[in-house]
1. Can you find, within region 207-219, the residue that is most open to solvent (accessible area, probe 1.4 Å) among those that are not aliphatic (A, V, I, L, M) and not in a strand (DSSP E or B)?
2. Looking at K51 and the list (1) away from the ligand (no atom under 15 Å from the Cβ); (2) in contact (Cβ under 8 Å) with a residue 60 or more places away in the chain; (3) open to solvent by 30 Å² or more (accessible area, probe 1.4 Å), which single condition is not satisfied?
3. So for region 66-77 (the condition being open to solvent by less than 20 Å² (accessible area, probe 1.4 Å) and outside any loop (DSSP other than H, G, I, E, B)), does at least one residue qualify?
4. Going by what's in this entry, would C117 be described as closer than 18 Å to S166 by Cα, surrounded by 22 or more Cβ atoms within 10 Å (Cβ to Cβ) and modelled with pLDDT of 95 or more?
5. Testing A81 on (1) within 11 Å of the ligand (Cβ to nearest atom); (2) free of Cβ contacts under 8 Å to residues at least 60 places away in the same chain; (3) under 18 Å from the mean Cα position of the chain (by Cα), one condition comes back false. Which one is that?
6. Looking at region 220-241 only, could you name the residues that are buried (at least 19 other Cβ atoms within 10 Å of the Cβ) and in contact with a helix residue (DSSP H, G or I) (Cβ under 7 Å, 6 or more places away or on another chain)?
7. If a residue counts only when it is within 16 Å of the ligand (Cβ to nearest atom), which helices (runs of 4 or more DSSP H) contained entirely in region 117-190 have at least 1 such residues?
Amino acid sequence: MKLGAYTFQPEKAQGFDFHVLRVKPETGIRLTPVQDMYSNVAVFADNIAVKNHPDWVSQSALGPAKLGNNNFNFYWDVVCATQPEHRAEQLKYIAEVDGRSQGVWLNSQYFADHGHCICPRCTTLWKKSGLSWLEWRRREVTEYIAQIRERVKKELVLCIQPDPVSSYERYGVDFDDLAAYADMFNVVMFSKNYATPWYWEMLTRGFKKLLKKPFYISFYVFGPGDNPKDVPSVAELLTVSTRCARAGADGFLYLTDSAGQLRNFQKRAFAQTDLIEKLRSYGGQPIREFLDYVASWKSIV
Ligand SMILES: [Zn+2]
């Protein structure tokens, strides 16, 4: 059981095994990589790229992959996954951040969602491929990951959406294809509310069954600009982590904007002594490891 800090700011919080910095989040802004942190890069979700090149946006019969298109769950703008200039630039960028950090964690390295992309280039590529629409998308995603793998010399972690059933149809993601290139997976289970841990535990069991590489789960603690009233409670985070630990996750990451917000989470977590005592009865070794880890924060923060 390993725990990681997942932050937007380049500052390391104490008390974690590793640190992942969002060097290029979906907004498209780019931070300087940090040598002893991992670099997280959103590949095709990129507001700046779409702003600079509106014709690069991923297209579908239900409209483009832009924030505000409520046919989908878009919180940002997404570039077409076959856009050649964006692909080439991202390959170069990923190689560069790999060299300047501990390794690369990718997200949004696939199609925007179901029905994407039907731009003229994608339509032509698909027809030329002789494959079914879904198989063509899968091949596009997998071949691009293979090109990325050639450029990442350190650890490569591939983030996947919390959908174990339909990732192929929605994103062109085949878990077995990606397992050939990924050192680990990271299942992003971001939510502002973990009041129903049963569902997250079920998703974890699903991924445990399907994924052929170890996987982390990322939980949402406190995002940039959040109102403290709108974020998950510490009790919810401890409970959902415990439930996912017993379902077979290999570790957790906790997302905050800054290291200070993580320290605040750690302080409030180990203070939940009654809840921690209760959670110890939820299962065996993985749960003990996780809760001992939480208890160890007392001496650090
Ligand atoms: Zn396209």
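1. So the residue we want is K209.
2. (2)
3. no
4. It is true that C117 is closer than 18 Å to S166 by Cα, surrounded by 22 or more Cβ atoms within 10 Å (Cβ to Cβ) and modelled with pLDDT of 95 or more.
5. With respect to (1) within 11 Å of the ligand (Cβ to nearest atom); (2) free of Cβ contacts under 8 Å to residues at least 60 places away in the same chain; (3) under 18 Å from the mean Cα position of the chain (by Cα), A81 is out only on (2).
6. Once the filter is applied, which keeps residues that are buried (at least 19 other Cβ atoms within 10 Å of the Cβ) and in contact with a helix residue (DSSP H, G or I) (Cβ under 7 Å, 6 or more places away or on another chain), region 220-241 yields V221, F222, V234, L238, T239, V240, S241.
7. In region 117-190, 120-129, 133-151, 167-171 are the helices (runs of 4 or more DSSP H) which contain 1 or more residues that are within 16 Å of the ligand (Cβ to nearest atom).
Per-residue answers, yes or no, for (1) modelled with pLDDT under 95; (2) open to solvent by less than 10 Å² (accessible area, probe 1.4 Å); (3) out of contact with any strand residue (DSSP E or B) (no Cβ under 6 Å at 6 or more places or on another chain):
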position: E155; (1), (2), (3): no, no, no
position: I160; (1), (2), (3): no, yes, no
position: P164; (1), (2), (3): no, no, yes
position: E169; (1), (2), (3): no, no, yes
position: D177; (1), (2), (3): no, no, yes
position: A180; (1), (2), (3): no, no, yes
position: V188; (1), (2), (3): no, no, no
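The values are calculated or read from the model by the stated rules, or taken from the named source; none is laboratory data. Treat the numbers as computed from the prediction; the structure is a model and nothing was measured. Methodologically, a virtual Cβ is constructed for each residue, glycine included, from the backbone with ideal geometry; neighbour enumeration extends over all protein chains shown. Note: accessible area is taken over every heavy atom of the protein model, side chains too, but ligands, DNA and RNA are not part of it. Shrake-Rupley method; radii C 1.70, N 1.55, O 1.52, S 1.80 Å.
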